[in-house]
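K.L.:
Quick one: structure below, then a few questions.
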Amino acid sequence: MKIDRRILNPNPARQAYLPILEVALSAVEPRGCTRQALRRSGDRLWVGERVYDLDRVRDVYVVGCGKAGAPMVQGVEDVLGDHITAGVVVVKEGHVAPTRQVRLVEAGHPLPDARSVMGARAVVDLLQRVGERDLVIVLISGGGSALLTLPAPGLALQDLQELTDLLLRCGATIEEINTLRKHCSAVKGGQLARQMAPARVLGLVLSDVVGNSLATIASGPLVPDPTTFADAWAVVEKYGLGDSLPPAVREHLQAGLHGRGAETPKPGEAVFDQVQVEIVGDNALAAEGGAQAAAEAGYHAQVLTTFVEGEAREVAWVAAALGKEVVRHARPCPAPACLILGGETTVTLRGGGTGGRNQELALAAALALEGWSGITVVALGTDGNDGPTDAAGGMVDGSTAARARAAGLDPLFHLQDNDAYPLLQATDDLLITGPTNTNVNDLILILVERSEMVWPSERLGWVSDPLLGGR
């Protein structure tokens, strides 16, 4: 994966960081990850601890959903070729690649659209053909929840669009969002597995969820759902959404809450007896790839965690603090240093600006780093799409805020208005990769160069935190 160097701040140090990001993305290239998970010798296919005798399989079908669907299909086709009978995989608009036996359906993300429903129906229609002698390979990656949308009886697409928009705006976690999605869907939360029984099912998953919970990735279409209607309603109450829900959604959830609706399939049900699910790539793999590239470039490189969650602007303050710790105390390692965090933050929308969680994190980090030299914070969405923008994130340092003010922009105002994109664009601090066709959460890199540092606390006295009200 190559990043176009023409669209980034021309600072040579910034350019030198790009190979680290490129290696991190290449480590989770979906075609290679999928192909590596499948070991074939003649008519025998090994996946994890299981072996499939293709000579005893009548038909092989490929279905799925997610931003990485197209290259994952290519990986399966590389290994199985003409053994594939037919397939349908739903991908995000523009995230396509040449395929042979499997049809790709483009659909909307992060909000589902009519094509999401059309794609889901095409998948379900194809699955009506499968029997107990067939093998169904299901390819799942980030974005699958929106891309594979089939409303539960009594609900319409508009209901799910409004619900998704509400959940994205309130700051709910992906686990909370998917708890509601599963209970408003006919395919999520293990319900797709029902459509395929009694065929043998092989799920290959590129994880975009912190901790790799199979019940959360793409809303867990192949695995038992541990959540209930009661859990879904608890999310509604937590964020005070009861009066904002579409009436049909509220009625549907209340019916399920009081036992008048069918629950999602739970652990121990027979529909999962023939289902195998394997993770083929995740955030940890990308972080480890980036750390190895950084080490080869001469940095002391460490992956600190792949479990980052929380408000983007608050995580930014922690990322900046880690860089300062390297400068002041050479902990957890001396400069030059590359500290890597992985996970997925959230943004509670307070304003009407343009940006995404990685851009917001970068802007907040720029404020936290103001006046410090030699520290750069990179916030990268591995799918190449950060919010409803063409940026993957941002790359900032201690000069970003000053450069913004010189351009007539107030960084704190833009942060409060959730308007990071135009500011980072004006300062040449946007990170733009284009669609990467992969998706394994976000990466945060804190890069510290060995140089003469300036410590604002000594030069200026106490520096308050503009993000936390001067605490």
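Quick note: the coordinates plus some simple rules give every number you see, no bench work behind them. Everything numeric in this text was worked out from a predicted model, so none of it was measured. Backbone-built Cβ (ideal geometry, glycine too); neighbour counts: all protein chains shown.
K.L.:
For the range 270-281, check the following and say yes or no: at least one residue is within 30 Å of residue 366 (Cα to Cα) and among the hydrophobic types (A, V, I, L, M, F, W, C).
P.N.:
No, the range 270-281 has no match at all.
K.L.:
Suppose we filter 59, 43 for residues that are free of Cβ contacts under 8 Å to residues at least 60 places away in the same chain and more than 24 Å from the chain's Cα centre (by Cα); which single one remains?
P.N.:
Being free of Cβ contacts under 8 Å to residues at least 60 places away in the same chain and more than 24 Å from the chain's Cα centre (by Cα) holds for just one of 59, 43, which is 43.
K.L.:
Another question, if that's okay. Within the range 149-169, can you find the residues that are part of a helix (DSSP H, G or I), touching a helix residue (DSSP H, G or I) at 6+ places or on another chain (Cβ under 8 Å) and over 18 Å from residue 254 (Cβ atoms)?
P.N.:
Once the filter is applied, which keeps residues that are part of a helix (DSSP H, G or I), touching a helix residue (DSSP H, G or I) at 6+ places or on another chain (Cβ under 8 Å) and over 18 Å from residue 254 (Cβ atoms), the range 149-169 yields 157, 164, 168.
K.L.:
Another question, if that's okay. Do any residues in the range 68-85 that are farther than 29 Å from residue 385 by Cα have Cβ atoms under 7 Å from those of residues that are among the hydroxyl-bearing types (Ser, Thr, Tyr), where the two are at least six apart or on different chains, and which pairs are they?
P.N.:
So the pair list comes out as 85/61.
K.L.:
Still on this model: So is residue 209 surrounded by 16 or more Cβ atoms within 10 Å (Cβ to Cβ), touching a residue at least 24 places away in the same chain (Cβ under 8 Å) and in contact with a strand residue (DSSP E or B) (Cβ under 9 Å, 6 or more places away or on another chain) or not?
P.N.:
no
K.L.:
I want to confirm something. Restricting to the range 227-251 and keeping residues that are in contact with a Gly (Cβ under 9 Å, 6 or more places away or on another chain) and in a loop (DSSP other than H, G, I, E, B), which single residue is nearest to residue 155 (Cα to Cα)?
P.N.:
228
K.L.:
For the subset of the range 255-305 comprising residues that are over 30 Å from residue 323 (Cα atoms) and of a type in the set (Gly, Ala, Ser), which member is farthest from the chain's Cα centre (by Cα)?
P.N.:
Within the range 255-305, the match that is farthest from the chain's Cα centre (by Cα) is 259.
K.L.:
Can you name the residue in the range 168-194 that is over 22 Å from residue 91 (Cβ atoms) and of a type in the set (A, V, I, L, M) and, of all such residues, is surrounded by the fewest Cβ atoms within 10 Å (Cβ to Cβ)?
P.N.:
Only one residue tops the list, namely 172.
K.L.:
Can you tell me how many residues in the range 290-300 are touching a residue at least 60 places away in the same chain (Cβ under 8 Å) and surrounded by 20 or more Cβ atoms within 10 Å (Cβ to Cβ)?
P.N.:
Residues meeting the conditions: 4.
K.L.:
Under 7 Å between Cβ atoms, which residue pairs at least 6 apart in sequence (or on different chains) link something in the range 260-279 that is under 18 Å from residue 138 (Cβ atoms) with a partner that is among the polar types (S, T, N, Q) and surrounded by 12 or more Cβ atoms within 10 Å (Cβ to Cβ)?
P.N.:
264/191; 265/191; 279/207; 279/212
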